[in-house]
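Notes follow once the structure below has been shown.
The values are calculated or read from the model by the stated rules, or taken from the named source; none is laboratory data. All of these numbers come straight from a predicted model, not from anything done at the bench. Cβ placement follows ideal geometry from the backbone for every residue including glycine, while neighbour counts extend to all protein chains displayed. Please note that ligands, DNA and RNA were not included when accessible areas were found on the heavy atoms of the full protein model with its side chains. Shrake-Rupley method; radii C 1.70, N 1.55, O 1.52, S 1.80 Å.
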Amino acid sequence: MVTEKKQMVCAINGAGENCIISNVTIDLDDNSSCEQFCISQKLDFEKYFGPNRILGLLGSCYLRKHHLAVDFAKKCLRTAAREPIMLDEMSFLFPMQLGMQTYGIPVLKFIKDDTDYFCVADTGCALSMLSEKGKEGVFCCEKSDGKGRVEGISGAAETIHTSASLSLLSVGDRIDRIRLVETEDNFQILQGYEYIVSYNNEQIPSISALLSTHFMLKRKWILDFSNEVIYAKSA
(Lines give C-alpha, C1' and ligand atoms only; values in the text may rest on other atoms or scores of the structure.)
Protein backbone atom coordinates (compact mmCIF):
# COMPACT_ATOMS: atom_id res chain seq x y z
CA MET A 1 0.00 0.00 0.00
CA VAL A 2 1.41 3.37 -1.01
CA THR A 3 0.96 6.10 1.60
CA GLU A 4 0.90 9.87 1.21
CA LYS A 5 3.96 10.21 3.43
CA LYS A 6 7.39 11.02 2.03
CA GLN A 7 10.89 10.67 3.39
CA MET A 8 14.14 12.21 2.20
CA VAL A 9 16.71 9.54 1.31
CA CYS A 10 20.15 11.14 1.34
CA ALA A 11 23.58 10.13 0.10
CA ILE A 12 26.70 12.23 -0.49
CA ASN A 13 26.65 15.59 1.26
CA GLY A 14 22.96 15.39 2.13
CA ALA A 15 21.71 15.40 -1.47
CA GLY A 16 19.10 12.83 -2.36
CA GLU A 17 15.48 12.19 -3.23
CA ASN A 18 12.18 12.80 -1.46
CA CYS A 19 10.72 9.30 -1.72
CA ILE A 20 7.15 8.09 -1.26
CA ILE A 21 6.73 5.58 1.58
CA SER A 22 5.04 2.27 0.79
CA ASN A 23 3.98 -0.57 3.10
CA VAL A 24 5.14 -3.88 1.65
CA THR A 25 4.54 -7.42 2.90
CA ILE A 26 7.64 -9.63 2.80
CA ASP A 27 7.44 -13.45 3.00
CA LEU A 28 10.75 -14.95 4.09
CA ASP A 29 11.10 -18.58 5.22
CA ASP A 30 7.38 -18.83 6.05
CA ASN A 31 7.58 -15.63 8.13
CA SER A 32 5.45 -12.76 6.88
CA SER A 33 6.00 -9.17 7.96
CA CYS A 34 4.83 -5.75 6.86
CA GLU A 35 7.69 -3.32 6.25
CA GLN A 36 8.02 0.29 5.11
CA PHE A 37 10.00 0.97 1.95
CA CYS A 38 10.96 4.24 0.29
CA ILE A 39 10.11 4.18 -3.41
CA SER A 40 12.80 5.82 -5.52
CA GLN A 41 12.15 7.19 -8.98
CA LYS A 42 15.86 7.88 -9.56
CA LEU A 43 17.66 4.65 -8.63
CA ASP A 44 18.26 2.26 -11.51
CA PHE A 45 19.17 -1.04 -9.86
CA GLU A 46 20.03 -2.72 -13.15
CA LYS A 47 22.51 0.07 -13.88
CA TYR A 48 24.30 -0.42 -10.55
CA PHE A 49 23.92 -4.17 -9.99
CA GLY A 50 23.50 -5.57 -13.50
CA PRO A 51 20.57 -7.71 -14.70
CA ASN A 52 20.30 -9.60 -11.37
CA ARG A 53 16.69 -8.67 -10.66
CA ILE A 54 17.56 -6.57 -7.60
CA LEU A 55 14.26 -5.03 -6.53
CA GLY A 56 15.23 -3.10 -3.41
CA LEU A 57 17.51 -2.62 -0.43
CA LEU A 58 16.90 -3.78 3.14
CA GLY A 59 17.81 -1.08 5.65
CA SER A 60 19.35 -1.26 9.11
CA CYS A 61 15.91 -0.97 10.75
CA TYR A 62 14.77 -4.19 9.06
CA LEU A 63 17.97 -6.06 10.01
CA ARG A 64 17.69 -4.87 13.59
CA LYS A 65 13.97 -5.64 13.88
CA HIS A 66 14.47 -9.23 12.70
CA HIS A 67 17.72 -9.91 14.63
CA LEU A 68 19.81 -10.53 11.52
CA ALA A 69 23.56 -10.52 10.93
CA VAL A 70 25.40 -9.63 7.72
CA ASP A 71 28.12 -12.26 7.93
CA PHE A 72 31.05 -11.56 5.61
CA ALA A 73 32.99 -14.50 7.09
CA LYS A 74 30.38 -16.99 5.85
CA LYS A 75 29.15 -14.74 3.02
CA CYS A 76 25.53 -14.87 4.10
CA LEU A 77 22.66 -13.05 5.76
CA ARG A 78 21.56 -15.05 8.80
CA THR A 79 19.64 -14.84 12.03
CA ALA A 80 21.73 -14.03 15.10
CA ALA A 81 20.89 -15.21 18.60
CA ARG A 82 21.39 -12.86 21.52
CA GLU A 83 24.50 -14.13 23.28
CA PRO A 84 27.49 -12.90 25.30
CA ILE A 85 30.39 -11.48 23.30
CA MET A 86 33.67 -13.27 24.03
CA LEU A 87 36.18 -10.43 23.80
CA ASP A 88 39.23 -12.70 23.92
CA GLU A 89 38.08 -14.34 20.65
CA MET A 90 37.85 -11.07 18.70
CA SER A 91 40.45 -9.42 16.47
CA PHE A 92 38.15 -6.41 16.08
CA LEU A 93 34.96 -5.24 17.79
CA PHE A 94 33.00 -2.01 17.78
CA PRO A 95 29.52 -1.44 19.29
CA MET A 96 26.69 -0.33 17.02
CA GLN A 97 24.89 1.82 19.61
CA LEU A 98 26.61 5.06 18.58
CA GLY A 99 25.68 4.68 14.94
CA MET A 100 22.18 3.29 15.38
CA GLN A 101 21.12 5.88 17.97
CA THR A 102 22.68 8.88 16.20
CA TYR A 103 22.46 8.03 12.49
CA GLY A 104 20.29 4.90 12.23
CA ILE A 105 23.16 3.02 10.50
CA PRO A 106 26.35 1.24 11.65
CA VAL A 107 29.11 3.82 12.21
CA LEU A 108 32.71 3.32 13.35
CA LYS A 109 35.62 5.59 14.31
CA PHE A 110 39.18 5.93 13.12
CA ILE A 111 41.72 8.13 14.84
CA LYS A 112 44.74 10.23 13.93
CA ASP A 113 46.56 12.68 16.20
CA ASP A 114 43.85 12.42 18.88
CA THR A 115 41.16 13.46 16.36
CA ASP A 116 38.13 11.21 15.81
CA TYR A 117 36.84 10.58 12.29
CA PHE A 118 33.52 8.83 11.68
CA CYS A 119 32.85 6.30 8.92
CA VAL A 120 29.92 4.13 7.81
CA ALA A 121 30.09 0.35 7.49
CA ASP A 122 28.13 0.48 4.23
CA THR A 123 26.77 -2.89 3.08
CA GLY A 124 25.33 -1.25 -0.04
CA CYS A 125 28.58 0.20 -1.38
CA ALA A 126 31.21 -1.70 -3.41
CA LEU A 127 33.90 1.02 -3.14
CA SER A 128 35.47 2.41 0.03
CA MET A 129 35.50 6.21 -0.03
CA LEU A 130 37.20 9.11 1.73
CA SER A 131 36.08 12.73 1.80
CA GLU A 132 38.65 15.53 1.81
CA LYS A 133 38.38 15.65 5.62
CA GLY A 134 38.62 11.86 5.84
CA LYS A 135 41.86 12.00 3.86
CA GLU A 136 43.37 13.98 6.75
CA GLY A 137 42.65 11.09 9.11
CA VAL A 138 44.57 8.36 7.28
CA PHE A 139 48.25 7.49 6.94
CA CYS A 140 50.43 6.82 3.89
CA CYS A 141 47.89 8.25 1.48
CA GLU A 142 49.38 7.39 -1.90
CA LYS A 143 47.44 8.77 -4.84
CA SER A 144 47.58 6.97 -8.15
CA ASP A 145 47.08 8.37 -11.62
CA GLY A 146 43.75 6.59 -11.82
CA LYS A 147 40.58 8.63 -11.69
CA GLY A 148 37.05 7.41 -11.32
CA ARG A 149 33.43 8.36 -10.91
CA VAL A 150 30.83 7.19 -8.42
CA GLU A 151 27.09 7.46 -8.88
CA GLY A 152 24.14 7.14 -6.56
CA ILE A 153 20.82 8.63 -5.55
CA SER A 154 22.47 12.03 -5.03
CA GLY A 155 24.07 12.12 -8.48
CA ALA A 156 27.70 11.62 -9.52
CA ALA A 157 31.07 12.62 -8.08
CA GLU A 158 34.61 12.50 -9.44
CA THR A 159 37.19 10.48 -7.50
CA ILE A 160 40.91 9.75 -7.32
CA HIS A 161 42.17 6.26 -6.47
CA THR A 162 44.43 5.97 -3.43
CA SER A 163 45.97 3.42 -1.09
CA ALA A 164 45.81 4.42 2.59
CA SER A 165 46.10 2.98 6.09
CA LEU A 166 43.93 3.94 9.02
CA SER A 167 43.68 3.25 12.76
CA LEU A 168 40.25 1.85 13.58
CA LEU A 169 39.02 2.12 17.16
CA SER A 170 38.20 -1.27 18.71
CA VAL A 171 37.17 -2.65 22.09
CA GLY A 172 40.14 -4.39 23.73
CA ASP A 173 40.32 -7.51 25.88
CA ARG A 174 37.95 -5.88 28.37
CA ILE A 175 34.87 -3.78 27.72
CA ASP A 176 36.49 -0.76 29.43
CA ARG A 177 39.65 -0.96 27.34
CA ILE A 178 40.18 0.26 23.80
CA ARG A 179 42.83 -0.43 21.21
CA LEU A 180 43.66 0.66 17.69
CA VAL A 181 43.55 -1.78 14.79
CA GLU A 182 45.80 -0.75 11.92
CA THR A 183 44.55 -1.65 8.47
CA GLU A 184 45.30 -0.69 4.86
CA ASP A 185 43.11 -0.70 1.77
CA ASN A 186 42.20 1.05 -1.47
CA PHE A 187 39.94 4.09 -1.34
CA GLN A 188 38.27 6.56 -3.68
CA ILE A 189 38.82 10.19 -2.63
CA LEU A 190 35.72 12.26 -3.40
CA GLN A 191 36.85 15.44 -5.08
CA GLY A 192 35.34 18.66 -3.73
CA TYR A 193 33.52 17.08 -0.79
CA GLU A 194 34.71 18.07 2.68
CA TYR A 195 32.52 15.33 4.20
CA ILE A 196 30.51 12.40 2.92
CA VAL A 197 27.58 13.75 4.94
CA SER A 198 27.62 16.84 7.17
CA TYR A 199 25.05 18.01 9.71
CA ASN A 200 23.92 21.40 10.95
CA ASN A 201 23.65 19.97 14.48
CA GLU A 202 26.98 20.30 16.29
CA GLN A 203 26.05 17.30 18.46
CA ILE A 204 26.11 15.01 15.41
CA PRO A 205 29.60 14.39 14.00
CA SER A 206 29.94 14.53 10.22
CA ILE A 207 30.75 11.38 8.24
CA SER A 208 34.21 11.36 6.67
CA ALA A 209 34.43 7.91 5.05
CA LEU A 210 32.60 4.81 3.82
CA LEU A 211 33.90 1.26 4.31
CA SER A 212 32.65 -0.98 1.51
CA THR A 213 31.47 -4.56 1.23
CA HIS A 214 34.87 -5.51 -0.25
CA PHE A 215 36.62 -3.95 2.76
CA MET A 216 34.46 -5.97 5.17
CA LEU A 217 34.69 -9.16 3.11
CA LYS A 218 38.51 -9.10 3.17
CA ARG A 219 38.45 -8.79 6.97
CA LYS A 220 35.59 -11.27 7.50
CA TRP A 221 33.56 -8.78 9.50
CA ILE A 222 30.19 -9.66 10.96
CA LEU A 223 27.58 -6.91 11.36
CA ASP A 224 25.43 -8.40 14.12
CA PHE A 225 22.23 -6.36 14.41
CA SER A 226 20.85 -8.65 17.12
CA ASN A 227 23.69 -8.01 19.58
CA GLU A 228 24.44 -4.58 18.04
CA VAL A 229 28.15 -5.15 17.42
CA ILE A 230 30.52 -5.20 14.46
CA TYR A 231 33.26 -7.76 14.92
CA ALA A 232 35.79 -10.13 13.40
CA LYS A 233 37.01 -13.27 15.09
CA SER A 234 40.69 -14.02 15.60
CA ALA A 235 42.15 -16.55 13.17
### Message
What lysines does Lys42 reach when the alpha-carbon gap must be under 16 Å and sequence neighbours fewer than 8 apart in one chain are set aside?
### Response
Lys6
### Task
Count neighbours as other Cβ atoms within 10 Å of each site's Cβ, and list the chymotrypsin sites (Phe, Trp or Tyr not before Pro) in the stretch 117-216 that are DSSP loop with at most 16 such neighbours.
Tyr199
### Query
In whole Hz, what ³J(HN,Hα) sequence does the stretch 208-214 give by Karplus (6.51, -1.76, 1.60; θ = phi - 60°), x for Gly and Pro?
9, 7, 10, 9, 8, 4, 5
### Task
Could you size up the charge dipole of the chain around its Cα centre, putting +1 on the beta carbon of Lys and Arg and -1 on that of Asp and Glu, and report it in debye to the nearest 20?
300
### Task
Output ³J(HN,Hα) for the stretch 79-87: one whole-Hz value per residue in order, computed from phi by the Karplus curve 6.51 cos²θ - 1.76 cosθ + 1.60 with θ = phi - 60°, and x for Gly and Pro.
6, 10, 6, 6, 7, x, 8, 8, 4
### Query
Residues with amide H under 5 Å of His66's amide H, sequence separation 5 or more or different chain, H placed in the peptide plane at 1.01 Å from N; which?
none
### Task
Return the tail of the calculated pair distribution for the stretch 99-235, meaning the percent of Cα-Cα pairs more than 23 Å apart.
32
### Message
Show me the trypsin sites (Lys or Arg not before Pro) within the stretch 44-96 that DSSP assigns to loop and that have at most 10 other Cβ atoms within 10 Å of their Cβ.
### Response
Arg53, Lys74, Lys75, Arg82
### Task
Leaving out ligands and nucleic acids, note down the accessible area per residue over the chain with a 1.4 angstrom probe, in whole Å².
58
### Summary
Helix-only [θ] at 222 nm, the chain, -39500 (n - 2.57) per DSSP H run of 4+, per residue, nearest 500, equals -2500 deg cm²/dmol
### Query
List the aspartates and glutamates whose alpha-carbon lies under 20 Å from that of Lys218, not counting same-chain residues fewer than 8 positions away?
Asp71, Glu89, Asp122, Glu182, Glu184, Asp185
### Task
Report the extension gain between Arg82 and Ser22 in nm, rounded to one decimal, defined as 0.36 nm multiplied by the number of residues separating them, less their alpha carbon distance.
18.6 nm
### Task
Leaving ligands, DNA and RNA out of it, report the carbon-plus-sulfur percent of the accessible area of the stretch 107-228 at a 1.4 Å probe.
46
